[in-house]
Every structure is written in structure tokens, then in C-alpha cells.
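Data block below; observations after.
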Amino acid sequence: MSQVGLLSGICLIVGTMIGSGIFISPKAVLEGTGAVGPCLCVWAACGVLATMGALCYAELGTMIMKSGGEYPYLMEGFGPLLAYLYSWSTIVVLKPSSFAIIALSCAEYASTPFYPGCTPPQVVTKCLAAACILIITVINCLSVKLAYRVQNFFTVAKLLIIVIIVVSGIVLLAQGNTQNLKDPFAGATTSFGAIGLAFYNGLWAYDGWNQLNFITEELKNPYRNLPLAIIIGIPLVIVCYIFVNIAYFSVMTPTELLQSPAVAVVSVHYSHTFAFICNHLADAIIQSNLHIFKITNIKIIPVLVVIVSCYLVLAPIIEKPEWEYLYCTMFIVGGLLLYVPFIYYKFNWTRCIMRPLTMHLQLLLEVIPPEKTE
Ligand code: ARG
């Protein structure tokens, strides 16, 4: 069922990537880097990293033509255990926490105008965020077509807002408001851990670059369209993000930006960290797998991505070890508690639980297992 063309592919990448991040991360990236110059460098570097990762994924996506993103790649490369642990962490924590971050940022920004001069009460933001998730769920249950329309509407709306911010920034800069961009490296941090954390926040804004790999089977002419959508979509987002940040600095000093009442970065910090620890582990494993397959001519790209991924996972842990990192790892490994009886040994009692559950879910969600192909 090839339905998704090049333009829809680009929209899917751009629409997924541009989200809460460009509105909540600038503050955290600046906090981690300490000055305008390194802050913009981190935004650019995150974009380059996302592009390199996506290029590796394009190769993987055209080589292992299965939908499902990382899951089939881990399955092919390392077998069912790692693929399972990936799905386990993604379904139980990563996806829900990324929905929570997005919904909470949306709710916080939507309610702020009604509480001038103070932050909206937590209960209001949380209820609003829950309502957002509920509405989106209902829309998706009602009709896929309606869901695509809503997605397209919001993609256009987000791009429009970005264009407005960027154009206003360019106008202000042209009028001479460049004082915040002078001496851009004064006060820069040298702490590796802080820069690592700045990367986590920047990369959150770029997250979603691998979205097309989840629907490779639905892509028209994937050999052409998968790499092309990546090469067009991600640079577009990089340009938008850098210009949005420059626009912020054309109206605010770095200190004002740090004091601005943006979404509570601290509350999402651990979800970010957790997401990234799980995701860069997965990425590092997948990238190193590229060598096993010997599929890429430009080996430097996967090598670089592996090195940077390792740095990003290790730097904050080494610089400032916190219990949360241990909990994350324990949670990932904890998936084994279900894997061993349900998947590895497939005890009879587990089948008695799983069979009716699978059948009911298949009926409820109207899905059937794909036909087995050689
Ligand atoms: N980059 C997006 C944002 O800034 C988050 C994307 C979440 N990931 C995903 N696969 N939907 O909000």
C-alpha cells in the first residue's frame, strides 16, 4: 500500500520535528552553553547530528524495508531481545513521556495569557494537557483522514508562526538590534556535562527525524523518496530553528531569555534525559550495526554518530552522576521480567493470558498480522 509521496513525506518529517522544542528548548540550550555564540553552535550541531543520523536511517530504511522504525533494524541486527527491550521502553515510557511533554508545553502556553503576571496553576495546565491528549485520541479513533487533516492544519500553523517570528527577527536585526549578537562567546561554559545537557534539549527539538522510517512500507518509491524527504526536510527545520533563535536574541538579552516565563524546563528535564538515554543507546547500537552490514560508502557518518551518541549518553552521567540514570537503566533491563516467561519460554500460562488478549485487541483495533513473506 504505497500511499505517501515525497511532499507528504517531507510534511511528516517537518510536522513531527517542529513542535514544543523550538518553544521550550532555547532557554535550556542557552542555560547549558552560557552564551549566544555557543548556543547557536549547539542548535546547528544538533541539526547536523539529526541529519547524519537520518542519513544512516535512510540507508537502513531502504535496506530493511519494514515499517516500525528501530524495531525491525534491531531485530535483524541483534535478534529479539534488544528489539524487545527497545519496544518495551518506547511503549511504556518514551512515547507516553514525549506526549506528556508536548501536551504540557501546549497547555502551559495556551493558559499563560489567562494568568497575566503569574504562572498558571498546575492543575489547570495538567487538566488542559490531559484534554489535549484525549481530543487527539478521539480524532484518531474517529477517522484517519480527519487525523491527517488536523496534522496538516497544525503543520501549516506551526510553520506560519515560525515564519512570523523569523521575519520579525530579520526586520529587527536590519533595524540595527544586533547588540545581543556582539561578542557572542563571552561567558561561554566549558563544562562538558552542561554542554551535553544543552544537546539533549536541542536534540529534543529535532526529535522526529526518524519518523518516516516507521512507515517505509507505505512510501511511494522509497529508494528515492526516503533519502530525498530527509535531505529536504531536515535542513529546512535547521534553518528555521537557527533563525528563530537569532530572532529571540534580536528582542531579548540572554539574561532576559533565561528569566522569561517559558514552560518549566526543570519538570521535563528528567523525561528528556530518560528519553535520550534510551534513544542514543538504541541509536548507537543501530549505527554500529551499519558496519556489520557494510552498506555505507561514507563510513565516517555512522562513526561520527556513534562517537557523539556515546558522548551524549556518558558526559552528563560522568560529570554529575544522579540516581535517575540508574533508575532508567534498571527500568530498561527490568523489561526482562516479562520477556523471559512471555517470549523466551512462552510458558503455557502466558499463552492463556496472551491469546485472548491479542485476539480482542486485534478485533478492537481492526488489525491482522501481515502475511509472512520470504
Ligand atoms: N521535536 C518535537 C518537539 O519539539 C518532538 C517530537 C516527538 N517525537 C515524535 N516522534 N513524535 O516537540
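The values are calculated or read from the model by the stated rules, or taken from the named source; none is laboratory data. It should be emphasised that the depicted structure is a prediction, and the values quoted were computed from it without experimental measurement. Quick reminder, even Gly has a Cβ in these numbers, built from the backbone with ideal geometry, and neighbours come from all protein chains shown. Each accessible area value is taken on the protein alone, full model and side chains, heavy atoms only, with ligands, DNA and RNA left out. Shrake-Rupley method; radii C 1.70, N 1.55, O 1.52, S 1.80 Å.
Tallying residues that are away from the ligand (no atom under 15 Å from the Cβ) and in a helix (DSSP H, G or I) within segment 10-41 yields 11. Filter segment 176-220 down to the residues that are within 16 Å of the ligand (Cβ to nearest atom) and among the aliphatic types (A, V, I, L, M), then identify the one that is farthest from the chain's Cα centre (by Cα). Ranking the candidates gives 215 first. Sub-9 Å Cβ pairs linking a first residue in segment 340-369 that is within 22 Å of residue 140 (Cα to Cα) to a second residue that is outside any helix (DSSP H, G or I) and open to solvent by 100 Å² or more (accessible area, probe 1.4 Å), at least 6 apart or interchain, are 362/368, ordered by first then second residue. With respect to (1) of a type in the set (S, T, N, Q); (2) loosely packed, with under 14 Cβ neighbours inside 10 Å; (3) in contact with a helix residue (DSSP H, G or I) (Cβ under 9 Å, 6 or more places away or on another chain), the lone exception for residue 125 is condition (2). When you look at residue 350, is it polar (S, T, N, Q) and either out of contact with any helix residue (DSSP H, G or I) (no Cβ under 8 Å at 6 or more places or on another chain) or within 30 Å of residue 32 (Cα to Cα) (or both), yes or no? Spelling it out, it is not the case that residue 350 is polar (S, T, N, Q) and either out of contact with any helix residue (DSSP H, G or I) (no Cβ under 8 Å at 6 or more places or on another chain) or within 30 Å of residue 32 (Cα to Cα) (or both).
Among the residues of segment 90-113, just one is among the polar types (S, T, N, Q) and open to solvent by 30 Å² or more (accessible area, probe 1.4 Å), namely 112. Tell me yes or no: at least one residue of segment 188-200 is closer than 17 Å to residue 29 by Cβ, in contact with a Gly (Cβ under 8 Å, 6 or more places away or on another chain), part of a loop (DSSP other than H, G, I, E, B) and aliphatic (A, V, I, L, M). Yes, segment 188-200 has at least one match. Residue-level analysis places residue 53 among those that are touching a residue at least 12 places away in the same chain (Cβ under 8 Å) and surrounded by 22 or more Cβ atoms within 10 Å (Cβ to Cβ).
Scanning segment 36-47 for residues that are under 19 Å from residue 307 (Cα atoms), without any contact (Cβ under 8 Å) to a residue 60 or more places away in the chain, open to solvent by 10 Å² or more (accessible area, probe 1.4 Å) and not hydroxyl-bearing (Ser, Thr, Tyr) turns up at least one hit. Pairing each residue of segment 109-125 that is over 16 Å from residue 260 (Cα atoms) with any residue that is open to solvent by less than 70 Å² (accessible area, probe 1.4 Å) and among the acidic types (Asp, Glu), provided the two are 6+ apart or on different chains, yields C-beta distances under 8 Å for 125/108. When segment 215-224 is filtered for residues that are surrounded by fewer than 19 Cβ atoms within 10 Å (Cβ to Cβ) and modelled with pLDDT of 85 or more, the ones remaining, listed by number, are 220, 221, 223, 224.
Applying a threshold of 6 Å to beta carbon distances and a minimum spacing of six or more residues, or different chains, the list of pairs starting in segment 79-98 at a residue that is closer than 10 Å to residue 332 by Cα and ending at one that is away from the ligand (no atom under 13 Å from the Cβ) and β-branched (Val, Ile, Thr) reads 85/332; 89/332.
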